[in-house]
């Protein structure tokens, strides 16, 4: 009885819409009328095959969106996790004065509207913005950030005179995008979004790490200090393993949030330049609401759902609790045997004397 209201709300506003969207992904619904009307036909996997193996513009756009978002995830998730953990360890130190001020300052970007942050970013990273101005002080000519579609890895290779890749990479494609473009890294425009994501989300995950750090007992750390472990050894061998549950939570939330990035793209570049900031979430919106291809838009959403689930399962497998291998246990077993050997021999001698 007590859970019925919540179950009802979840069913009406979550489960039923998801099931409706799943049906739309298998139909040719055009956005008018009910998706369950007699005019709507079941098309099977047509919307999915158009995106994954259609060979047209839809497949190419979806491949470009996946490529952009994949680089976004690969760079944002580890960087924001490392920055959040570093800030948490920093502000959790008892010797730091004004810890409350620093916690608030680091967390403030997370509670600011993402639309406002994006608009601010457009000004900061414009051609004559503050970022390029600071770079000019060091003799660096900053790029036209949100209008530069070139990949950062391609630009780095261009410094060494490499302007095109081998035929094996340029002539073979995946989802309509050449392997050379897949390996080109995020565009300069997407790099600005990556910096913004790290800036705005690290504070939130910092609070999670702070809560975990404050719940850790100091007995093990003090024992390690007595054994001569330095600060890095205590952090790597003692503190970090105890943060495994929190680390899994932070990585999972970061992974989901990065694959669902939408509002920054919608407010900022809308996929430009040259679709190098296009993401699957924005492509799903654009396909549905702009192109009126509701079946393909729903299919993109469910493909994205499967990607998130698979990455979460893989991440859980990587961070699982592992048993200590026999190779690593040998030194400890030898120490235990050496420590207990004198007591065993003396016990045997005592038994022999009593006999």
Among the residues of segment 10-32, write down those that are assigned to a loop (DSSP other than H, G, I, E, B) and either at pLDDT 90 or above or touching a strand residue (DSSP E or B) at 6+ places or on another chain (Cβ under 9 Å) (or both).
26, 28, 29
Looking at segment 106-115, is at least one residue under 30 Å from residue 206 (Cα atoms), touching a helix residue (DSSP H, G or I) at 6+ places or on another chain (Cβ under 8 Å) and at pLDDT 95 or above?
no
In segment 83-125, how many are in a loop (DSSP other than H, G, I, E, B) and closer than 19 Å to residue 254 by Cα?
2
Expected single match for surrounded by 11 or more Cβ atoms within 10 Å (Cβ to Cβ), over 22 Å from residue 176 (Cβ atoms) and modelled with pLDDT under 95 among 5, 35 is 35
Pairs, please: C-beta under 7 Å, at least 6 apart or cross-chain, first residue surrounded by fewer than 17 Cβ atoms within 10 Å (Cβ to Cβ) and in segment 99-127, second modelled with pLDDT under 90 and assigned to a helix (DSSP H, G or I)?
99/91; 102/91
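On the basis of being within 30 Å of residue 48 (Cα to Cα) and free of Cβ contacts under 8 Å to residues at least 12 places away in the same chain, does residue 140 make the cut? Don't jump to the end; show me each part of the working.
Numbers: within 30 Å of residue 48 (Cα to Cα): no; free of Cβ contacts under 8 Å to residues at least 12 places away in the same chain: yes.
Criteria not met by residue 140.
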Among (1) loosely packed, with under 11 Cβ neighbours inside 10 Å; (2) free of Cβ contacts under 8 Å to residues at least 12 places away in the same chain - the single one residue 42 does not satisfy
(2)
Among residues of segment 228-245 being touching a residue at least 24 places away in the same chain (Cβ under 8 Å) and in a helix (DSSP H, G or I), the residue surrounded by the fewest Cβ atoms within 10 Å (Cβ to Cβ) is 245
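Do we have residue 206 as under 22 Å from the mean Cα position of the chain (by Cα), closer than 30 Å to residue 241 by Cβ, buried (at least 20 other Cβ atoms within 10 Å of the Cβ) and in contact (Cβ under 8 Å) with a residue 40 or more places away in the chain here?
Numbers: under 22 Å from the mean Cα position of the chain (by Cα): yes; closer than 30 Å to residue 241 by Cβ: yes; buried (at least 20 other Cβ atoms within 10 Å of the Cβ): yes; in contact (Cβ under 8 Å) with a residue 40 or more places away in the chain: yes.
Taking the combined requirement at face value, the residue satisfies it.
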Filter segment 128-143 for residues that are under 22 Å from residue 190 (Cβ atoms) and in a loop (DSSP other than H, G, I, E, B) and give the result.
128, 129, 140, 141, 142, 143
Here the residues within segment 152-189 that are without any contact (Cβ under 8 Å) to a residue 60 or more places away in the chain, touching a strand residue (DSSP E or B) at 6+ places or on another chain (Cβ under 7 Å) and surrounded by 17 or more Cβ atoms within 10 Å (Cβ to Cβ) are 184
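Quick test for you: out of 209, 146, pick the one residue that is under 25 Å from residue 265 (Cβ atoms), out of contact with any strand residue (DSSP E or B) (no Cβ under 8 Å at 6 or more places or on another chain) and either modelled with pLDDT under 90 or assigned to a helix (DSSP H, G or I) (or both). Lay out the reasoning, then the answer.
Values: 209 fails: under 25 Å from residue 265 (Cβ atoms).
Testing whether each residue is under 25 Å from residue 265 (Cβ atoms), out of contact with any strand residue (DSSP E or B) (no Cβ under 8 Å at 6 or more places or on another chain) and either modelled with pLDDT under 90 or assigned to a helix (DSSP H, G or I) (or both) leaves just 146.
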Can you tell me which residue in segment 257-293 is farthest from residue 57 (Cα to Cα), limited to those that are in contact with a strand residue (DSSP E or B) (Cβ under 8 Å, 6 or more places away or on another chain) and buried (at least 20 other Cβ atoms within 10 Å of the Cβ)?
277
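The values are calculated or read from the model by the stated rules, or taken from the named source; none is laboratory data. What you see is a predicted model, and the numbers here were worked out from it, not measured in a lab. So basically every Cβ, Gly included, is an ideal-geometry build from the backbone, and we count neighbours across all protein chains shown.
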